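A.B. asks: Handing you this structure, nothing more for now.
Readers should treat all values here as calculations from the given coordinates under stated rules, not as data from a laboratory. Everything numeric in this text was worked out from a predicted model, so none of it was measured. Heads up, the Cβs are rebuilt from the backbone with ideal geometry, glycines too, and the neighbour counts pull from every protein chain shown.
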Amino acid sequence: MNGRRGSDPTDAAQRIMYQAWEATSRSKRNTLAKKTLKIWPLCAEAYVLLAEEEGGLSRKCWTAIRWPRGG
């Protein structure tokens, strides 16, 4: 590693997602997933968690998964 562990926004987002998957309440999972998306809008795991909570993938989720920005 380059000695800057945790300085990348994707690292911070991933840590929050670990917390979200471990959360025991639906509202906490949703809150953490949304927080993740504010840090890293392309975090597929956050969209998956939110979709699972809603019972299916929304159009926004599929769009983000199929057509990532900058790709």
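A.B. asks: Which aspartates and glutamates does Lys38 reach when only Cα atoms under 18 Å apart count, and residues fewer than 8 places away in its own chain are ignored?
C.D. replies: Correct list for Lys38: Asp8, Asp11.
A.B. asks: From the backbone phi of the stretch 44-50, what are the Karplus-calculated ³J(HN,Hα) couplings (6.51 cos²θ - 1.76 cosθ + 1.60, θ = phi - 60°) in whole Hz, Gly and Pro given as x?
C.D. replies: Computed from phi, the couplings for the stretch 44-50 are 4, 4, 5, 5, 5, 4, 4 Hz.
A.B. asks: Excluding residues fewer than 8 places away in the same chain, name every one of the aspartates and glutamates whose C-alpha is closer than 13 Å to that of Lys28.
C.D. replies: Within reach: Glu53.
A.B. asks: Further question: Per-residue HN-Hα couplings for the stretch 27-32, Karplus 6.51 cos²θ - 1.76 cosθ + 1.60 at θ = phi - 60°, whole Hz, x for Gly and Pro?
C.D. replies: Karplus values, whole Hz, x for Gly and Pro: 5, 5, 4, 4, 4, 5.
A.B. asks: Based on the mean of other beta carbon atoms within 10 Å per residue, what is the order of 18-29, 38-49, most packed first?
C.D. replies: 38-49, 18-29
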